[in-house]
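Colleague: Pasting in a structure now, in structure tokens, and then I'll have a few things to ask.
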Amino acid sequence: MDWFNYYGLGIMALIMVPNIIYAVKHKDGAENKYANKAVEILEQTGRYACFVFMIFNIPYTYFNFWFAGALAVYLSVNGVLCLAYCIFWIILFNKGGLLKAVSLSVIPSVIFIFSGVMLLSVPLIAFAVLFAVCHITISVKNALL
């Protein structure tokens, strides 16, 4: 794999579809009850950096798949995670609560972290951990408040 990760682009497209549908159907968006500006900024930074590093492999910051069959593992695990994410979105589309908050924040976090580890992408791992901590915190706090 060179500098452009077509598989990462496909994974990003799959997890963005339910989010785009939700945004179109709920134009006013979800209410953010947890107003911590620093955590929100860090979450958005992590989110967009993960988008970039899922799709673009910056030379000398990633080391590609590191064992035989890693591409198959990468695609299989991410495929199952994307399917689970879409299923949770379908089941919990018009619901709230902790189950929705946890499932729809943990699954993309795992996708980003797993992808970073499989590609040995240093920036993707770092930004995925930042995103995971902040996104899960915001989602859970919003569900509990």
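The values are calculated or read from the model by the stated rules, or taken from the named source; none is laboratory data. All of these numbers come straight from a predicted model, not from anything done at the bench. As a convention, Cβ positions derive from the backbone with ideal geometry for all residues, glycine included, and neighbour counts pool all protein chains shown. Ligands, DNA and RNA are excluded from the accessible area calculation, which covers all protein heavy atoms including side chains. Shrake-Rupley method; radii C 1.70, N 1.55, O 1.52, S 1.80 Å.
Colleague: Filter region 115-135 down to residues that are assigned to a helix (DSSP H, G or I) and either surrounded by fewer than 18 Cβ atoms within 10 Å (Cβ to Cβ) or of a type in the set (K, R) (or both) and give me whichever is farthest from the chain's Cα centre (by Cα). Can you show your working first?
Modeller: Keep residues of region 115-135 that are assigned to a helix (DSSP H, G or I), which gives 115-119, 122-135.
The next check asks that each one be either surrounded by fewer than 18 Cβ atoms within 10 Å (Cβ to Cβ) or of a type in the set (K, R) (or both); those that pass are 117, 122-123, 126, 129, 133.
Numbers: V117: 14, V122: 16, P123: 14, A126: 13, V129: 10, V133: 12 Å.
Here the answer is V122.
Colleague: Right, another one. Of all residues in region 17-56, how many are within 17 Å of the chain's Cα centre (by Cα) and either in contact (Cβ under 8 Å) with a residue 60 or more places away in the chain or closer than 21 Å to G97 by Cα (or both)? Walk me through it before giving the result.
Modeller: Step one: of region 17-56, the residues within 17 Å of the chain's Cα centre (by Cα) are 17-23, 39-56.
Narrowing further to those that are either in contact (Cβ under 8 Å) with a residue 60 or more places away in the chain or closer than 21 Å to G97 by Cα (or both): 17-23, 39-40, 42-43, 45-47, 49-50, 53-54.
Of the residues in that region, 18 qualify.
Colleague: Looking at the structure I just gave you, is L98 buried (at least 18 other Cβ atoms within 10 Å of the Cβ) and closer than 16 Å to I136 by Cβ?
Modeller: Values: buried (at least 18 other Cβ atoms within 10 Å of the Cβ): no; closer than 16 Å to I136 by Cβ: yes.
Criteria not met by L98.
Colleague: Please determine whether any residue of region 15-32 is in contact with a helix residue (DSSP H, G or I) (Cβ under 7 Å, 6 or more places away or on another chain) and among the aromatic types (F, W, Y).
Modeller: No, region 15-32 contains no residue that is in contact with a helix residue (DSSP H, G or I) (Cβ under 7 Å, 6 or more places away or on another chain) and among the aromatic types (F, W, Y).
Colleague: Now a separate question. Taking region 1-28 as the region of interest, how many residues are under 19 Å from Y85 (Cβ atoms), loosely packed, with under 14 Cβ neighbours inside 10 Å and not β-branched (V, I, T)?
Modeller: Count: 6.
Colleague: Sticking with this one: Identify, by number, the condition in (1) in a helix (DSSP H, G or I); (2) surrounded by 12 or more Cβ atoms within 10 Å (Cβ to Cβ) that I41 doesn't meet.
Modeller: (2)
Colleague: How many residues does region 1-38 contain that are assigned to a loop (DSSP other than H, G, I, E, B), closer than 14 Å to N94 by Cα and among the basic types (K, R)?
Modeller: Number satisfying all stated conditions: 1.
Colleague: So, L83, is that one open to solvent by 70 Å² or more (accessible area, probe 1.4 Å), closer than 16 Å to S115 by Cα, assigned to a helix (DSSP H, G or I) and in contact with a helix residue (DSSP H, G or I) (Cβ under 9 Å, 6 or more places away or on another chain) or not?
Modeller: Details: open to solvent by 70 Å² or more (accessible area, probe 1.4 Å): yes; closer than 16 Å to S115 by Cα: yes; assigned to a helix (DSSP H, G or I): yes; in contact with a helix residue (DSSP H, G or I) (Cβ under 9 Å, 6 or more places away or on another chain): yes.
Yes: the conditions hold for L83.
Colleague: Additional query: Pairs please, first residue from region 118-145 and without any contact (Cβ under 8 Å) to a residue 60 or more places away in the chain, second anywhere and crowded, with 18+ Cβ neighbours inside 10 Å and of a type outside the set (F, W, Y), Cβ atoms under 6 Å, 6+ apart in sequence or on different chains.
Modeller: That search, which allows pairs on different chains as well, returns I125/G116; I136/S105; S139/A101; S139/S105; V140/A101; A143/A101.
Colleague: Right, something else. For region 80-114, what are the residues that are within 13 Å of the chain's Cα centre (by Cα) and of a type outside the set (A, V, I, L, M, F, W, C)?
Modeller: Y85, S103, S105, P108, S109 - these are the residues of region 80-114 that are within 13 Å of the chain's Cα centre (by Cα) and of a type outside the set (A, V, I, L, M, F, W, C).
Colleague: Being closer than 16 Å to I11 by Cβ and open to solvent by 50 Å² or more (accessible area, probe 1.4 Å) is the requirement here; does V110 meet it? Walk me through how you get there before you give the answer.
Modeller: Numbers: closer than 16 Å to I11 by Cβ: yes; open to solvent by 50 Å² or more (accessible area, probe 1.4 Å): yes.
Yes, satisfied.
Colleague: If I go through region 90-118 residue by residue, how many of them are closer than 23 Å to L75 by Cα and modelled with pLDDT under 95?
Modeller: Total satisfying the criteria: 1.
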